[in-house]
1. Suppose every K and R has +1 on its Cβ and every D and E has -1 on its Cβ; what is the size of the dipole of segment 11-112 about the Cα centre, in Debye to the nearest 20?
2. Through the Karplus equation 6.51 cos²θ - 1.76 cosθ + 1.60, θ set to phi - 60°, convert the phi angles of segment 23-33 into ³J(HN,Hα) values in whole Hz; use x for Gly and Pro.
3. Please give the Cα centre distance for segment 24-60 versus segment 71-121, rounded to the nearest Å.
4. Residue by residue, what Karplus-based ³J(HN,Hα) values in Hz, rounded to whole numbers, does segment 44-56 have, using 6.51, -1.76 and 1.60 with θ = phi - 60° and x for Gly and Pro?
5. Return the long-range amide H neighbours of T39 (sequence gap of 5 or more, or a different chain), with a cut-off of under 5 Å between placed amide H atoms.
6. Which net charge results for the neighbourhood of V60, defined as the other residues with beta-carbon distances under 9 angstrom from its beta-carbon, given Lys and Arg at +1 and Asp and Glu at -1?
7. Rounded to the nearest 0.05, what FRET efficiency do S70 and L95 give with R0 = 22 Å and r taken as the Cβ-Cβ distance? Could you check?
8. Taking square-rooted eigenvalues a ≥ b ≥ c of the alpha carbon gyration tensor, is segment 35-82 rounded, prolate or oblate, where a/c under 1.5 means rounded and, failing that, a/b exceeding b/c means prolate?
Amino acid sequence: MRGERPGGADEAVSGVLTALADPTRRLLLDLLAARPEATATTLADGLPVSRQAVVKHLAVLDAAGLVSSSRVGREVRYAVRPAALDATARWMAALATDWDRRLATIKHVAEAAEQSAHPTRPADRLEGKGPAAT
């Protein structure tokens, strides 16, 4: 993760981000997170989309590793798999840390440039003049 560029995220993270880009899939994930498991029919009851649309969205979530499916008799039950979300959250945290480090470097360089552009004499500081007096 360290030194990786945002475009260099592995396929798993890319799949998660792509899957979560759709609001219906995010809602499905929220609905599944509220219970141990559910069928596509049960999930479709609370959504303004067809059962077939729910199945297609669940297939995308499954391919991204966000949900798992298991057959129980004639039913297919879906459940949340948090590992892919955890990996994506770690990647995002590492990315944020890198940006924080870069911004701190930029701030340091800018402050050093500002200080060298407006140097104060030691006598000005003693008399309460110049930027160091504030």
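The values are calculated or read from the model by the stated rules, or taken from the named source; none is laboratory data. Small disclaimer: the values here were computed from a predicted structure and weren't measured. Neighbour counts are summed over all protein chains in view; Cβ atoms, including those assigned to glycine, are modelled from backbone coordinates with ideal geometry. Ligands, DNA and RNA are stripped out before the accessible areas are found, and what is left, the full protein with its side chains, is counted by its heavy atoms. Shrake-Rupley method; radii C 1.70, N 1.55, O 1.52, S 1.80 Å.
1. Dipole magnitude for segment 11-112 comes out near 220 debye.
2. x, 5, 5, 5, 5, 4, 4, 4, 4, 5, 5
3. 30
4. Rounded to whole hertz, the list is 5, 4, x, 10, x, 10, 6, 4, 5, 5, 4, 4, 5.
5. Residues meeting the amide H criterion: Y78.
6. Here the charged neighbours net out to 0.
7. Once rounded, the FRET efficiency stands at 0.05.
8. Note, shape of segment 35-82 comes out oblate.
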